[in-house]
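Quick notes on the structure that follows.
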Amino acid sequence: MSNDAEEPIIEVTDLVRDFHGRKVLNGVSFRVMRGDTMIIMGGSGCGKSTLLRHIIGSMKPTSGSIKLFGEEITTMHPSDLARIQRRFGVLFQSGALMQSMTVGENVALPILEHSKLAPDIVDLMVKMKLEMVGLTGFEHLKPAEISGGMKKRVGLARALALDPQLLFSDEPTAGLDPIMTSVVDILTQEMTRKLGVTAVVVTHDMVSAFRIGSRMIMLGTGPNQGKIIATGTPEEIRSHANLEVQQFIKGEPDGPVPLKLKKADYVERLLGQPRPSSKALS
């Protein structure tokens, strides 16, 4: 859990990302403390994945600051950014496994890329990481030969290959059945609690979010596009006064985000732009 006396492992300040006049991220600020599992949530198109890409350094903001491990990354030289990136792992939504490689070869990729270890040591590390995610003996199979849930677990093993201090997960339970969702959640909890890894998880799965999260932020849509509309512990989010937050976490079909939209309302609500004239919509 977080400790306010410590320095944050992630510090985002006044982050803005503008795409052709549309602010996908609009003044986002938050901190993640060592040991936290921070949940980033919100409706489709709110900027969750865009925010994650900025934090891992694959996108540059229009303005604002992002510090990882106390170092500013938005203006960092690529070689220095690569040094920072070796300190964290990323679990992508699809697993992003190389289909032509075996499970073991996929997990070995970051080890081979960033170290000069002997092949037998690499093999041992791969087996250890696969054992951590409950896939002992699967190293010789191809991704096409395992289930979707297993692919996520292989992706997690690869993300942990270099013993990162920080783990980023983009929709880790998307497309999984309830049992496999629980498995991935339990694995995430074990990584954070037993290994001391700090986690940032982008998700719209509220069952999973409330199961693993220690802190949460929610991005808004429409007039609040790209802004944080709620932040706090899971208990604070459950009782939050914002109606959009309540609609989202309860999965209600109608509310501040309406069930049915006219085209003009859609443009105004989702894109955060003034409603165009009827002539512009014709």
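Considering just Cα atoms, how many Å³ per residue does the convex hull of region 104-193 enclose?
Details: hull volume 8.7 nm³, N = 90.
Per residue, the Cα convex hull of region 104-193 comes to 97 Å³.
For the chain, compute Rh as the Kirkwood radius over C-alpha pairs and then the Stokes-Einstein diffusion coefficient at 25 °C and 0.890 mPa s; write the answer in µm²/s, rounded to an integer.
Numbers: Rh = 20.0 Å.
It comes out at roughly 123 µm²/s.
Please find the FRET efficiency linking Ser65 to His140, where r is the Cβ-Cβ separation and R0 is fixed at 35 Å, and quote it to the nearest 0.05.
Values: r = 45 Å, r/R0 = 1.30.
The calculated FRET efficiency here is 0.15.
By the scheme Lys and Arg +1, Asp and Glu -1, what is the net charge of all other residues having a beta-carbon under 13 Å from that of Gln246? Could you put the intermediate results ahead of the total?
Working: positive: Arg238, Lys250; negative: Glu236, Glu244, Glu252, Asp254.
Summing Lys/Arg as +1 and Asp/Glu as -1 gives -2.
Around Leu141, which amide H atoms from residues at least 5 apart in sequence, or from another chain, sit under 5 Å from its own amide H, with H modelled in the peptide plane?
Val103, Gly104
For the chain, with only Lys/Arg (+1) and Asp/Glu (-1) charged at the beta-carbon, what is the dipole magnitude about the Cα centre, in debye rounded to 20? Don't skip to the end; give the middle numbers.
On the way: 33 positive and 31 negative charges, 172 e Å.
With only Lys, Arg, Asp and Glu charged at Cβ, the dipole is about 820 debye.
From the phi of every residue in region 170-175, what ³J(HN,Hα) in whole Hz does the Karplus formula 6.51 cos²θ - 1.76 cosθ + 1.60 yield, where θ is phi - 60° and glycine or proline is x?
Karplus values, whole Hz, x for Gly and Pro: 9, 6, x, 10, 4, x.
Kirkwood-based Rg over Rh for region 93-154 (C-alpha set), two decimals?
Details: Rg = 11.1 Å, Rh = 11.7 Å.
With Rh from the inverse mean 1/r over Cα pairs, Rg/Rh is 0.95.
Using only DSSP helix segments of four residues or longer, with each worth -39500 (n - 2.57), what per-residue ellipticity at 222 nm results for the chain after dividing by its residue count and rounding to 500? Kindly include the intermediate steps, with their values, before the conclusion.
On the way: 11 runs with 105 residues, N = 282.
Mean residue ellipticity at 222 nm (helix-derived): -10500 deg cm²/dmol.
In terms of modelled amide H atoms, which long-range or inter-chain residues lie less than 5 Å from the amide H of Met76?
Those qualifying (amide H under 5 Å, at least 5 residues apart or on another chain) number zero.
Where in the chain is the longest stretch that carries no trypsin sites (Lys or Arg not before Pro) classed as loop by DSSP and with at most 16 other Cβ atoms within 10 Å? All intermediate terms of the calculation are to be shown ahead of the outcome.
On the way: sites that count: Arg86, Arg87, Lys116, Lys260, Lys262.
Within the chain, the longest run free of exposed trypsin sites (Lys or Arg not before Pro) spans 117-259.
Lys and Arg at +1, Asp and Glu at -1: add these up for the other residues within a Cβ distance under 9 Å of Leu219 and post the number. If you can, show how the numbers build up before the last one.
Working: positive: Lys48, Lys227; negative: none.
Neighbour charge sum, excluding Leu219 itself: +2.
Per 10 Å bin, what is the whole-percent P(r) computed from every C-alpha pair distance within region 142-240?
Using 10 Å bins, I get a P(r) of 14, 43, 31, 11, 1 for region 142-240.
Could you pull out every residue, at least 5 positions away or on a different chain, whose amide H is within less than 5 Å of the one on Val200? Hs are placed 1.01 Å off N in the peptide plane, and Pro or chain starts have none.
Met38, Leu167, Phe168, Ser169
Using a ≥ b ≥ c from the Cα gyration tensor of region 1-57 (square roots of the eigenvalues), is it rounded, prolate or oblate, where a/c under 1.5 gives rounded and otherwise the larger of a/b and b/c decides, a/b for prolate? Don't skip to the answer; put the middle values down first.
Working: a/c = 2.76, a/b = 1.96, b/c = 1.41.
Prolate, because a/c is 1.5 or more and a/b exceeds b/c.
Any idea which of Ile217, Val103, Thr188 is furthest toward the positive side of the dipole for the chain, if Lys and Arg beta-carbons carry +1 and Asp and Glu beta-carbons -1?
Looking along the dipole axis, the top candidate is Ile217.
Report the net charge of residues surrounding Met41, where surrounding means a beta-carbon distance below 10 angstrom and charges are Lys +1, Arg +1, Asp -1, Glu -1.
Numbers: positive: Lys48; negative: Asp205.
Result for the local shell: 0.
Looking at Leu112, Val202, Pro178, which one has the Cα that reaches farthest to the positive end of the dipole of region 98-227 (charges on Cβ: Lys, Arg +1; Asp, Glu -1)?
So the residue we want is Val202.
Is region 56-104 rounded, prolate or oblate when judged by the Cα gyration tensor, a ≥ b ≥ c being the square roots of its eigenvalues, rounded requiring a/c under 1.5 and prolate requiring a/b larger than b/c? Walk me through the numbers on the way to the answer.
Values: a/c = 2.80, a/b = 2.15, b/c = 1.30.
It comes out prolate by the Cα gyration axes.
Based only on Cα atoms, what mean projected area does the convex hull of region 206-247 have, in nm²?
2.9
Read-outs: derived from the displayed coordinates by stated rules, not from any lab. Quantities reported herein were computed from a predicted structural model and do not represent experimental measurements. Neighbour counts run over all protein chains shown; Cβ positions are idealised from the backbone, glycine included.
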